Amino acid sequence: MVTEYRSDILLRTLRTLHQAIPGIRASVVVTLDGLLVAAYPPELSESEDDPTGAFQVAAMAATSLGLAERTLERLKQGAISRVLMEGKDGVMVVLPAGGRAALALLIGKDTKLGIVMISAVRTAEEIAQVLGD
């Protein structure tokens, strides 16, 4: 019996998401304290200096999710579903993936967000299962 590593499963999960939604430029799985767990495309992980690289996306995703969670809690708005930041050149979406991680996506500006969100929620659920949440 061949054991498959969680990192391989996560990478395959992110690759499947990118194949289903071509407008996704990058995706990362990150712990809630900002540790990069997986990135797609894999070359995102090669440079810590790249402002759109996996390490930067992971850090920003964890920070924005944490701030959004505290804000919603303080305002008594319930548990967070997602953080969506829209810029003129694209969108960043961060979704919780269980209680210990998050899925962050960088999306092209012309990509249909409804389709992305349906797939992203499913992917976040898969990630939570892989990580044991």
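Taking the range 33-47 as the search range and keeping residues that are surrounded by fewer than 20 Cβ atoms within 10 Å (Cβ to Cβ) and touching a helix residue (DSSP H, G or I) at 6+ places or on another chain (Cβ under 6 Å), which one is farthest from A68 (Cα to Cα)?
Just the residues of the range 33-47 that are surrounded by fewer than 20 Cβ atoms within 10 Å (Cβ to Cβ), to begin with: 33-35, 41-43, 45-47.
Checking the rest, the ones that are also touching a helix residue (DSSP H, G or I) at 6+ places or on another chain (Cβ under 6 Å) come to 34, 45.
Details: G34: 15, S45: 25 Å.
Selected residue: S45.
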| Within the range 96-123, considering residues that are closer than 17 Å to L35 by Cβ and in contact with a strand residue (DSSP E or B) (Cβ under 7 Å, 6 or more places away or on another chain), the one surrounded by the fewest Cβ atoms within 10 Å (Cβ to Cβ) | R100
| request: From (1) over 13 Å from T123 (Cα atoms); (2) modelled with pLDDT of 95 or more, pick out the condition that doesn't hold for L17. | output: (1)
| message | Residue pairs, Cβ under 7 Å, 6 or more apart or interchain, first in the range 10-37 and part of a loop (DSSP other than H, G, I, E, B), second of a type in the set (D, E). List them. | response | G23/D110
| query | So, in the range 41-53, of the ones that are touching a strand residue (DSSP E or B) at 6+ places or on another chain (Cβ under 9 Å) and not in a helix (DSSP H, G or I), which residue ends up modelled with the highest pLDDT? | reply | P41
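The values are calculated or read from the model by the stated rules, or taken from the named source; none is laboratory data. For clarity, every value in this text was computed on a predicted model and none was experimentally measured. Methodologically, a virtual Cβ is constructed for each residue, glycine included, from the backbone with ideal geometry; neighbour enumeration extends over all protein chains shown.
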